[in-house]
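For reference, the structure is listed below as structure tokens.
The values are calculated or read from the model by the stated rules, or taken from the named source; none is laboratory data. Since the model is a prediction, treat every value here as computed from it, not as a measurement. As a convention, Cβ positions derive from the backbone with ideal geometry for all residues, glycine included, and neighbour counts pool all protein chains shown.
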Amino acid sequence: MAVTVAEEPWESADGLRLRRAMQTELAARYNLPDRETEPPTAETVSVFLVARDSGGDATGCGALRLLGDGRAEIKRMYVVPEARGTGVATRILRGLEDHARRHGTGSVVLSTGVKQPDAVRFYEREGYRPIEGYGPYAGEPLARCFTLELG
């Protein structure tokens, strides 16, 4: 499957559709509304990437928020179910990591959750290591946080 990953506006129709699909899936998995205390916005993300298949359909997205302490946070990583396992998530993740490196970031952090074992396996496979909860995820029992040192 030919996949392209490119920067797009946070407010793009496809970006909004993908982020809504992610929120719907998470609400179903956790049976909870979104409780994120500091959700990303167009003003707080440094880059928003959208993956598209060879037909131009948006199949995944991810954002990066620079934290200002030498770290960046990966936000809103999502791939539509029918494109999972095809390398889309890896392409988005590499694009976010490359963007972080270009901005002098030494490491990236992210949070996923206990009811997302597929995401936990993905990040571990990609070299991310578990860390204690940070920021709004400190002490959150449903959160699983990870980091990667950018070489």
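Points worth noting:
- Qualifying residue in segment 115-124 (condition: among the small types (Gly, Ala, Ser) and without any contact (Cβ under 8 Å) to a residue 40 or more places away in the chain): no
- For segment 1-24, the set of residues classified as closer than 15 Å to Val79 by Cα and either without any contact (Cβ under 8 Å) to a residue 12 or more places away in the chain or among the β-branched types (Val, Ile, Thr) (or both) consists of Val3, Thr4, Val5, Leu16, Arg20, Gln23, Thr24, listed by residue number.
- Some residue of segment 25-46 being within 15 Å of Leu66 (Cα to Cα) and in contact (Cβ under 8 Å) with a residue 60 or more places away in the chain: yes
- Qualifying residue in segment 17-24 (condition: among the polar types (S, T, N, Q) and over 20 Å from Leu142 (Cβ atoms)): no
- Annotation: of all residues in segment 61-86 being in a loop (DSSP other than H, G, I, E, B) and of a type in the set (D, E, K, R), the one that is farthest from Gly104 (Cα to Cα) is Arg84.
- The residue of segment 119-149 that is surrounded by the fewest Cβ atoms within 10 Å (Cβ to Cβ), among those that are of a type in the set (A, V, I, L, M) and more than 16 Å from the chain's Cα centre (by Cα), is Ala138.
Table: residues versus (1) of a type in the set (A, V, I, L, M, F, W, C); (2) surrounded by fewer than 20 Cβ atoms within 10 Å (Cβ to Cβ).
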{"site": "Ala21", "(1), (2)": "yes, yes"}
{"site": "Asn31", "(1), (2)": "no, yes"}
{"site": "Ala42", "(1), (2)": "yes, yes"}
{"site": "Val45", "(1), (2)": "yes, yes"}
{"site": "Leu66", "(1), (2)": "yes, yes"}
{"site": "Met77", "(1), (2)": "yes, no"}
{"site": "Arg91", "(1), (2)": "no, yes"}
{"site": "His103", "(1), (2)": "no, yes"}
{"site": "Leu110", "(1), (2)": "yes, no"}
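- Restricting segment 3-25 to residues that are at pLDDT below 95 and in contact with an Asp or Glu (Cβ under 7 Å, 6 or more places away or on another chain), the residue that is nearest to Ile92 (Cα to Cα): Val3
- Within segment 76-100, tally of residues that are under 11 Å from the mean Cα position of the chain (by Cα) and either over 19 Å from Val45 (Cα atoms) or of a type in the set (Val, Ile, Thr) (or both): 3
- Residue within segment 101-118 that is within 14 Å of the chain's Cα centre (by Cα), acidic (Asp, Glu) and not in a helix (DSSP H, G or I) present: no
- Annotation: of all residues in segment 26-71 being hydroxyl-bearing (Ser, Thr, Tyr) and touching a helix residue (DSSP H, G or I) at 6+ places or on another chain (Cβ under 8 Å), the one that is modelled with the lowest pLDDT is Thr37.
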